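**Student:** After the structure tokens below, expect a handful of questions from me.
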Amino acid sequence: MRIQDCVLSIDVAVFAPVVRNQPEDCWVEARNSGAIPPEIYGLYQRAGFLSFGSGSRFLGDDENILFSYFSMTLNCLMEMLTDAKEQLAEFVKDHNLTYDLGKKARGEPWEPAASTRAQRHLRDLLIALHASLDTVADLIALFLTGRIPRLRVGRAQFFQIENWLAQPLNLSAMVATPYDSHLADLYGALKPLVLPGPPEQDWLPLMRMLRNKGAHLGQRIFRQVGLHDTDLRFHVFLPREWPYIWEKHMKPHDPNVKADPTLMPKLLQETLINQDILTFTRCLHGKVKEIVSVCARVANTMYAAFENFAVNQTALAELERSSEAYEFEYFIER
């Protein structure tokens with residue numbers, strides 16, 4: 001079916017206004033399940049459950065573009081966090097069904113396809129977590145338009161906030177603006193989460209690398225190393241470098257070369273995440289939720305503080321410059 005084959009001649013169209021005086025079920029479920037932090041739900045409430053026409057003056061342009069984009073962004077954030085929670089649960093379930101020698105020895109159940117399913121869930125978890133950060137960056141861009149370098153409405157990515165946090169905070173030198181206190185609040189709360197010291201340093205570039213490789217090359221890029229404890233219970237570890245080529249360490253046995261007992265422990269600790277994959281993914285999920293929580297708290301404060309400000313024309317212009325359109329109409333069926 002092509003659009004030209006549908007009835008397009010509509011003389012009068014009547015649409016019921018998208019007005020809400022109570023939350024949508026999906027939002028209540030996301031709140032009750034813990035998929036979203038309370039601060040996200042609080043922003044949703046303050047924005048009148050995203051009811052059409054309830055936006056603040058700051059986001060109230062004549063064509064309803066800004067508040068509609070804000071609503072879409074907040075809904076996307078809720079859905080990405082919900083997806084992340086579900087993917088983490090499915091990953092844990094399937095990972096616990098993967099085969100290892102310890103399970104065989106103890107007679108525990110396992111499934112041949114569980115490993116493939118677990119890797120797909122890991123890939124999708126990383127994509128959802130990364131998308132959550134980029135979405136919350138777009139949310140921040142709507143309120144602090146032009147005040148974080150290269151953070152542009154409609155094109156915002158969290159690494160731009162990461163780069164901002166890596167530099168000293170530079171507020172207005174001569175005249176304080178209404179935005180300065182919120183910038184300082186966001187900077188102070190995010191920096192220790194995004195740019196921590198050891199042992200958590202580089203967690204975000206590592207997650208970004210794993211997400212990029214998984215999304216672009218597929219889940220088989222996640223080469224895993226299984227190590228057992230003294231009870232013959234196996235734990236899986238992910239590399240913290242790419243590409244991870246363990247084959248380069250495979251050499252023909254030379255009886256004249258004395259084995260170095262420190263070589264393998266040192267190699268594993270230097271090239272692998274020093275935390276099993278289940279703990280790593282759980283902590284990673286918690287870290288991203290904490291960052292989103294901070295951003296939502298600051299956005300909630302700004303929503304109230306900026307409510308009667310003039311329309312954010314700068315954000316509107318950035319969003320319009322970020323728009324894309326293409327000439328594609330349809331595929332020729334063969």
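**Student:** If you go through region 27-46 one residue at a time, do you hit one that is aromatic (Phe, Trp, Tyr), free of Cβ contacts under 8 Å to residues at least 40 places away in the same chain and farther than 25 Å from residue 312 by Cβ?
**Tutor:** no
**Student:** Six or more apart or on different chains, Cβ atoms under 7 Å: show the pairs whose first residue is in region 51-75 and in contact (Cβ under 8 Å) with a residue 60 or more places away in the chain and whose second is assigned to a helix (DSSP H, G or I) and of a type in the set (Asp, Glu).
**Tutor:** 73/138
**Student:** Across region 47-60, what is the number of residues that are under 14 Å from residue 316 (Cβ atoms) and either open to solvent by 10 Å² or more (accessible area, probe 1.4 Å) or aromatic (Phe, Trp, Tyr) (or both)?
**Tutor:** Number of matching residues: 4.
**Student:** Let me ask something else about it. Only one of these is farther than 26 Å from residue 98 by Cα and either surrounded by 15 or more Cβ atoms within 10 Å (Cβ to Cβ) or without any contact (Cβ under 8 Å) to a residue 24 or more places away in the chain (or both): 308, 300. Name it.
**Tutor:** Of the residues listed, the single one that is farther than 26 Å from residue 98 by Cα and either surrounded by 15 or more Cβ atoms within 10 Å (Cβ to Cβ) or without any contact (Cβ under 8 Å) to a residue 24 or more places away in the chain (or both) is 300.
**Student:** Ok, one more. Report, by residue number, each residue of region 227-245 that is in contact with a strand residue (DSSP E or B) (Cβ under 8 Å, 6 or more places away or on another chain) and loosely packed, with under 15 Cβ neighbours inside 10 Å.
**Tutor:** 227, 228, 229
Residue-wise test of (1) part of a helix (DSSP H, G or I); (2) over 30 Å from residue 181 (Cβ atoms).
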{"residue": "82", "(1), (2)": "yes, yes"}
{"residue": "86", "(1), (2)": "yes, yes"}
{"residue": "97", "(1), (2)": "no, yes"}
{"residue": "131", "(1), (2)": "yes, no"}
{"residue": "137", "(1), (2)": "yes, no"}
{"residue": "141", "(1), (2)": "yes, no"}
{"residue": "155", "(1), (2)": "no, no"}
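**Student:** Out of all the residues in region 99-129, which are assigned to a helix (DSSP H, G or I), open to solvent by 40 Å² or more (accessible area, probe 1.4 Å) and of a type in the set (Gly, Ala, Ser)?
**Tutor:** 105, 115
**Student:** Same structure, new question: Of the residues that sit in region 262-313 and are part of a helix (DSSP H, G or I) and hydroxyl-bearing (Ser, Thr, Tyr), which one is modelled with the lowest pLDDT?
**Tutor:** The selected residue is 271.
**Student:** Another question about this same structure. Just to be sure before I move on: is residue 39 open to solvent by 40 Å² or more (accessible area, probe 1.4 Å), over 30 Å from residue 118 (Cβ atoms) and either under 22 Å from the mean Cα position of the chain (by Cα) or of a type in the set (A, V, I, L, M) (or both) in the structure I sent?
**Tutor:** So residue 39 passes the test.
**Student:** Pick out the one residue from 24, 63, 86 that is among the acidic types (Asp, Glu), open to solvent by 10 Å² or more (accessible area, probe 1.4 Å) and farther than 30 Å from residue 312 by Cα.
**Tutor:** Of the residues listed, the single one that is among the acidic types (Asp, Glu), open to solvent by 10 Å² or more (accessible area, probe 1.4 Å) and farther than 30 Å from residue 312 by Cα is 86.
**Student:** Across region 21-55, what is the number of residues that are acidic (Asp, Glu) and touching a Lys or Arg at 6+ places or on another chain (Cβ under 6 Å)?
**Tutor:** 1
**Student:** Still on this structure: Among all residue pairs at least 6 apart or on different chains, which show Cβ distances below 7 Å where the first residue, located in region 109-128, is touching a residue at least 60 places away in the same chain (Cβ under 8 Å) and closer than 22 Å to residue 205 by Cβ and the second is crowded, with 17+ Cβ neighbours inside 10 Å and small (Gly, Ala, Ser)?
**Tutor:** Hits for this filter: 123/214; 125/84; 126/214.
This table checks each residue for (1) modelled with pLDDT of 95 or more; (2) open to solvent by 50 Å² or more (accessible area, probe 1.4 Å); (3) of a type in the set (S, T, N, Q).
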site	(1), (2), (3)
153	yes, no, no
160	yes, no, yes
170	no, yes, yes
178	no, yes, no
185	yes, yes, no
196	yes, no, no
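**Student:** Something else: Test residue 147 against the criterion of being crowded, with 18+ Cβ neighbours inside 10 Å and either assigned to a loop (DSSP other than H, G, I, E, B) or free of Cβ contacts under 8 Å to residues at least 12 places away in the same chain (or both), and give yes or no.
**Tutor:** Spelling it out, residue 147 is indeed crowded, with 18+ Cβ neighbours inside 10 Å and either assigned to a loop (DSSP other than H, G, I, E, B) or free of Cβ contacts under 8 Å to residues at least 12 places away in the same chain (or both).
The values are calculated or read from the model by the stated rules, or taken from the named source; none is laboratory data. Just so it is clear, the structure is predicted and the values come from calculations on it, not from any experiment. Here Cβ is always computed from backbone atoms with ideal geometry, including for glycine, and neighbour counts include all displayed protein chains. Quick note on the areas: whole protein, heavy atoms, side chains included, nothing else; ligands and nucleic acids left out. Shrake-Rupley method; radii C 1.70, N 1.55, O 1.52, S 1.80 Å.
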